[in-house]
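Quick notes on the structure that follows.
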């Protein structure tokens, strides 16, 4: 019980820190700016008192290569130019606050879908920043300033920067961000080696998959996905509201991560891109929703200009995805969940 409780404490702390370091916390600054330092003091105090978790942790060293300007320019000089500017910003303004600034996912491996793929990051905040609340406040203002780089790559980006702490590297639970992802990541600071003390718990991965299934079940029952609203509107079943491309992209991202979360919960984790063919044969009856989502990702760069302006769902996306998408997605996720339970 204590072990599970300690993990929950670390998870809750990371959620609080991530909120504080994101644009979501700006309303506090606008309404009651004096509370920013209060939040920073509490986060710093919580960090210094996080429980130490020692429970059969494995050690790994993950080599991380620099994401070079030459590789970015060779792949697509114009589209990837914001990452080059982000890299310069990190070196100039963020270096003293962090252990490393990683890019992972399809941008790191350069097999992205232009205008569709979001920019996935992992910012490792160092101990000095988290133990000094004044320094934490300074870091917050500087990291929020560079959020626009994410939107230049994907105007419909549905998450900000992903953060973890230097302390968490010594007690790393890999369902948060699997090691398979870290092995494919690139650094904006330079060649490095990340040393982890880690543990994978299938019960944590199962819980994460169950949460995704609950989200899809709720959307199926309510005919509305009550997550990631845009101008106070949610995605509805059967394209009831076409001004919902941001919301639809979030829904499709849930679908596209089901295979990798499923394998993680089975204790057989792999890189996201490789997960589809591994899992497909188990759930062929329900797989068409994955194929439709993949097709939209594939066709997006040819069918839409970058950057995409507005939030209207294009007609070809409507035709490709088809109707009753909440029901179809839930059938797949529920079949996966039942398989995990069995």
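Read-outs: derived from the displayed coordinates by stated rules, not from any lab. Given the structure is predicted, the values throughout are model-derived calculations rather than measurements. Counting neighbours? That spans all protein chains shown, and the Cβs are built from the backbone with ideal geometry, glycine included.
If you average 1/r across every pair of different Cα atoms in region 1-74 and take the reciprocal, what Kirkwood value do you get, in Å?
After inverting the mean inverse Cα-Cα distance, the result is 15.8 Å.
Compute the angle between helix 35-48 and the longest alpha-carbon principal axis of the chain, please, reported from 0 to 90 degrees and rounded to the nearest 10.
With both axes taken from Cα atoms, the answer is about 80 degrees.
Taking a ≥ b ≥ c as the square roots of the eigenvalues of the Cα gyration tensor of region 139-249, is the shape rounded (a/c under 1.5), prolate (a/b larger than b/c) or oblate?
oblate
Express in nm, to one decimal, how much length is gained between residue 70 and residue 45 on full extension, taking 0.36 nm for each residue of separation and deducting their alpha carbon distance.
Contour length minus the Cα-Cα distance gives 4.8 nm.
Which length gain, in nm to one decimal place, applies between residue 195 and residue 320 when the Cα-Cα distance is subtracted from 0.36 nm times their residue separation?
40.6 nm is the gain from fully extending residue 195 to residue 320.
Given 37 °C and 0.692 mPa s, how large is the Stokes-Einstein diffusion coefficient of the chain in µm²/s, with Rh as the Kirkwood radius over Cα pairs?
154
May I ask what percent, to the nearest 5, of DSSP beta bridges between residues of the chain are antiparallel?
The antiparallel proportion sits near 70 percent.
Quick one: grab the alpha carbon gyration tensor of region 202-341, order the square roots of its eigenvalues as a ≥ b ≥ c, and give me rounded if a/c is under 1.5, else prolate or oblate depending on whether a/b is larger than b/c.
Taking the square roots of the gyration eigenvalues as a ≥ b ≥ c, region 202-341 is prolate.
What spacing in nm lies between the two simple spin-label points modelled at residue 238 and residue 54, each 7 Å away from Cα in the Cβ direction?
Between residue 238 and residue 54, the simple spin-label model gives 6.1 nm.
Where does helix 325-341 land angle-wise versus the long Cα axis of the chain, in degrees 0 to 90, nearest 10?
The angle comes out at about 60 degrees.
What FRET efficiency would be calculated for the residue pair residue 91, residue 208, taking the C-beta separation as r and a Förster radius of 41 Å, to the nearest 0.05?
That pair, residue 91 with residue 208, gives E of 0.75.
Most exposed first by the Cβ proxy, i.e. fewest other Cβ within 10 Å, how do 19, 316, 34, 300 rank?
34, 316, 19, 300
Tell me, what is the FRET efficiency for residue 342 and residue 270 to the nearest 0.05, using R0 = 25 angstrom and their Cβ-Cβ distance as r?
After rounding, the FRET efficiency stands at 0.75.
For the pair residue 170 and residue 33, what calculated FRET efficiency results from E = 1/(1 + (r/R0)^6), where r is the Cβ-Cβ distance and R0 = 35 Å, to the nearest 0.05?
0.50
Is region 2-199 best put as rounded, prolate or oblate by its Cα gyration tensor, with a ≥ b ≥ c the root eigenvalues, rounded for a/c under 1.5, and otherwise prolate when a/b is larger than b/c, oblate when not?
oblate
Per DSSP H run of at least 4 residues, take -39500 (n - 2.57); add these up for the chain, divide by its residues and hand me the 222 nm value, nearest 500 deg cm²/dmol.
Mean residue ellipticity, 222 nm, calculated: -16000 deg cm²/dmol.
When 318, 181, 143 are ordered from fewest to most other Cβ atoms inside 10 Å of their Cβ, what list results?
In order of increasing Cβ crowding within 10 Å: 318, 181, 143.
State, as an integer percentage, the relative contact order of the chain based on alpha-carbon contacts under 8 Å between residues 6 or more apart.
19
On a C-alpha basis, how far is the centre of region 271-342 from the centre of region 13-40 in Å? Whole number, if you could?
Each part reduced to its Cα centre gives a spacing of 35 Å.
Measure nothing fancy, just the Cα-based angle from helix 2-20's long axis to the longest principal axis of the chain, in degrees from 0 to 90, nearest 10.
90
Any idea how far the Cα center of region 57-118 sits from the one of region 126-185, in Å?
Taking the Cα centre of region 126-185 as reference, the centre of region 57-118 is 13 Å away.
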